[in-house]
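To start, the structure itself, in structure tokens.
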Amino acid sequence: LVPLLVQDLAAMNGVEAANLTQPCDTTEEDYKCVMHIFGNHYLDPGTISLYVSSFSAVISFVVSLSVAAIADYGAYRKRLLATFAILGCMTSISFFMIQSPSLFWMALVLSPLGWACYNASSVFTNAFLPIYVRVHPKVLEAQDRVGAHLTLQEMDEKNKDFFGANHRMSSHFYSYGNALTNPTGTNHSVLLSEQRKVEEQVSNDLSAWCAGAGIVGTVIVQGFCIGISVGMKESLLSLQIAIAFTGVWWLAWTMAVLPWLNARPGPPLPKGQNWITYSWSKNFKTVKAMRQLSQITRFTLAWFLLSDGINTVTALLYVITYQELKFSHTESLMMTIALSSVSFFGTYLFLMIRRFWKLSTKFMAMLTLGLYTTLTGYFVIMPYFSMVYGLRQDWEVWVSVVYLGLIISTFFGVAKVMMAELCPEGEENEWFSLFQLADKGSSWIGPFATGAIQAMTGEFRPGFWFPFSLFIVGGALLFTVDMNKGKDEAARYTADQEAKRRLLASIPPITITSAGESPFLARRVLLDL
């Protein structure tokens with residue numbers, strides 16, 4: 001909705017592309033307008049929308065980086081989820097202040113603020129996934145089996161030591177202990193593998209159900225927005241009302257769910273720490289920790305590339321349909337409803353496929369990425385062979401929307417599950433913050449690059465080369481991720497961090513007795529330990 005509003009305001013402030021002295025008449029059919037930027041530079045409204053999206057992504061990146069890591073402390077995760085929902089609702093309603101095209105600059109301010117609130121809220125929402133997976137009854141049952149097996153193994157080792165002097169008695173207890181710890185030839189590694197399969201299954205199920213609920217909400221909201229658009233003849237005010245409605249919906253459902261959402265508070269925020277600086281330092285430490293976690297590092301780099309490619313494909317599709325195929329507000333909203341509706345069925349279709357063939361999360365990610373690459377390849381190659389096809393027909397748009405709908409939720413869902421499986425326990429917010437930052441930290445690049453391509457060539461379609469190349473490189477990187485190795489690295493990292501905390505807690509306070517000794521040096525010694 002906001003990109004449509006930005007494009008409309010830019011056109012109202014623009015001039016005819018064929019006659020730069022003639023103000024743009026948006027009531028004419030197949031109008032082509034550009035907006036003066038500075039000097040002799042003019043930009044298409046669609047390009048301006050892409051640049052605004054790029055700028056919004058940068059602001060979202062900074063905001064998420066500044067607050068996300070502190071959600072691992074106290075009950076901040078739940079509180080900040082509510083706080084950013086309130087701020088997002090207020091930002092959505094503030095679009096009513098744009099009462100004339102001359103206030104176009106206000107859209108440039110409100111758009112990044114709204115996106116920043118939404119993306120920060122998404123960080124805290126996503127961070128609940130690994131927490132609820134770990135306390136799911138099926139996962140706890142699998143963990144109990146592994147724990148019981150380890151306990152019996154320890155008992156067997158003690159039996160060996162205690163009865164080692166008596167060969168006959170020790171043989172009897174060895175066989176008895178083996179019968180307990182290995183009743184069916186199952187060893188610890190097999191049980192651990194089964195536990196991870198249960199965790200993966202639960203993660204995918206929860207992710208699919210959450211995605212399905214979100215899709216249903218999207219369809220309902222977009223349905224209301226279409227009614228508003230049609231009832232008010234697609235006026236500028238209809239877009240403002242629709243944007244405000246989405247903000248109120250966002251806040252209302254967040255507040256409705258909060259009482260049922262267990263905060264699961266973490267340790268208190270260290271005394272004397274500032275929210276923003278502490279969050280930046282925590283994210284910096286998380287990046288440093290990537291040296292010990294090779295697989296989650298590869299996945300994050302792959303996600304950095306792939307998320308930008310996926311967001312760019314969708315953004316270009318909407319810009320081309322609105323600017324070149326002249327889709328109306330209602331048709332653009334119907335595209336979103338079609339995309340969401342099909343993605344609802346696509347989510348469960350791929351979930352059933354995964355269950356039936358017992359496919360891994362990584363395989364599902366590679367499968368959906370391959371489908372994305374195929375569609376983008378069509379957008380890239382077809383214009384070189386035909387001036388009729390290659391996203392130039394309305395039916396191509398609707399086929400593309402259905403195609404994307406079938407795979408988009410599955411890809412984002414399995415990406416979240418992969419991150420949940422690879423991130424160290426107890427640091428979910430930090431790593432999901434990095435996951436979100438990798439998304440938003442790169443999502444400014446695609447719109448900016450494709451906007452620049454349009455400004456140089458006068459065509460939007462060549463911009464598909466950019467996401468196509470991202471899919472190739474990112475897919476190759478994703479293919480090299482070893483999930484089992486990544487889980488082992490995360491477990492070792494968690495154990496190492498816990499050992500360091502215990503060591504630090506066991507060190508007695510250091511008393512500075514000499515005026516020449518620096519307390520900052522003493523603090524540095526402790527931090528190094």
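Points to keep in mind about this one:
- Scanning region 1-31 for residues that are aliphatic (A, V, I, L, M) and open to solvent by 40 Å² or more (accessible area, probe 1.4 Å) gives LEU1, MET12, ALA17, ALA18, LEU20.
- The listed residue being surrounded by 13 or more Cβ atoms within 10 Å (Cβ to Cβ), touching a Pro at 6+ places or on another chain (Cβ under 9 Å) and either at pLDDT 70 or above or aliphatic (A, V, I, L, M) (or both), out of SER203, SER207: SER203
- Matching residues, region 289-323, being over 20 Å from the mean Cα position of the chain (by Cα) and either under 17 Å from PHE61 (Cβ atoms) or without any contact (Cβ under 8 Å) to a residue 24 or more places away in the chain (or both): ARG291
- So VAL58, is it farther than 19 Å from TRP250 by Cα, open to solvent by 30 Å² or more (accessible area, probe 1.4 Å) and not in a loop (DSSP other than H, G, I, E, B): yes
- Filter result for SER442 (among the hydroxyl-bearing types (Ser, Thr, Tyr), closer than 15 Å to PHE304 by Cβ and either in contact with a Phe, Trp or Tyr (Cβ under 9 Å, 6 or more places away or on another chain) or open to solvent by less than 40 Å² (accessible area, probe 1.4 Å) (or both)): yes
- Of the residues screened, THR457 is one that is hydroxyl-bearing (Ser, Thr, Tyr), surrounded by fewer than 16 Cβ atoms within 10 Å (Cβ to Cβ), out of contact with any strand residue (DSSP E or B) (no Cβ under 9 Å at 6 or more places or on another chain) and modelled with pLDDT under 95.
- Any hit, region 505-514, residues being farther than 30 Å from LYS326 by Cβ, modelled with pLDDT of 85 or more and in contact with a helix residue (DSSP H, G or I) (Cβ under 8 Å, 6 or more places away or on another chain): no
- Leading residue by the ranking (modelled with the highest pLDDT) among those in region 212-238 that are under 24 Å from ILE98 (Cα atoms) and among the polar types (S, T, N, Q): SER238
- In summary, SER341 fulfils each of the numbered conditions (1) open to solvent by 10 Å² or more (accessible area, probe 1.4 Å); (2) farther than 30 Å from ASP488 by Cβ; (3) modelled with pLDDT of 90 or more; (4) of a type in the set (Gly, Ala, Ser) with the single exception of condition (3).
- Residue within region 270-278 that is open to solvent by less than 10 Å² (accessible area, probe 1.4 Å), part of a helix (DSSP H, G or I) and touching a helix residue (DSSP H, G or I) at 6+ places or on another chain (Cβ under 6 Å) present: no
- Taking first residues from region 233-258 that are of a type in the set (Asp, Glu) and partners that are surrounded by fewer than 20 Cβ atoms within 10 Å (Cβ to Cβ) and at pLDDT below 90, the Cβ contacts under 8 Å between residues at least 6 apart in sequence or on separate chains come to GLU234/SER328; GLU234/THR330.
- Residue within region 413-425 that is within 26 Å of the chain's Cα centre (by Cα), surrounded by fewer than 19 Cβ atoms within 10 Å (Cβ to Cβ), outside any loop (DSSP other than H, G, I, E, B) and not small (Gly, Ala, Ser) present: no
- With respect to the conditions (1) surrounded by fewer than 16 Cβ atoms within 10 Å (Cβ to Cβ); (2) among the β-branched types (Val, Ile, Thr); (3) touching a Pro at 6+ places or on another chain (Cβ under 9 Å), VAL34 lacks only one, and its number is (1).
- Residues satisfying the stated conditions in region 480-498, i.e. of a type outside the set (Lys, Arg) and either within 18 Å of ALA302 (Cα to Cα) or surrounded by 19 or more Cβ atoms within 10 Å (Cβ to Cβ) (or both): THR480, VAL481, ASP482, MET483, ASN484, GLY486, GLU489, ALA490
- Region 111-147, residues that are open to solvent by less than 20 Å² (accessible area, probe 1.4 Å), among the hydrophobic types (A, V, I, L, M, F, W, C) and touching a residue at least 60 places away in the same chain (Cβ under 8 Å): ALA116, ALA120, VAL123, PHE124, ALA127, PHE128, VAL133, VAL139
- The number of residues in region 302-332 being closer than 23 Å to ILE243 by Cα, open to solvent by 10 Å² or more (accessible area, probe 1.4 Å) and of a type in the set (A, V, I, L, M) comes to 1.
- Residue satisfying all of: in region 364-404; touching a residue at least 40 places away in the same chain (Cβ under 8 Å) and over 22 Å from PHE460 (Cα atoms); surrounded by the fewest Cβ atoms within 10 Å (Cβ to Cβ) among these: GLY370
The values are calculated or read from the model by the stated rules, or taken from the named source; none is laboratory data. Because the structure is a prediction, the values reported are computed rather than measured. All Cβ positions, even for glycine, are placed from backbone atoms using ideal geometry, and neighbour counts span all protein chains on display. Ligands, DNA and RNA are excluded from the accessible area calculation, which covers all protein heavy atoms including side chains. Shrake-Rupley method; radii C 1.70, N 1.55, O 1.52, S 1.80 Å.
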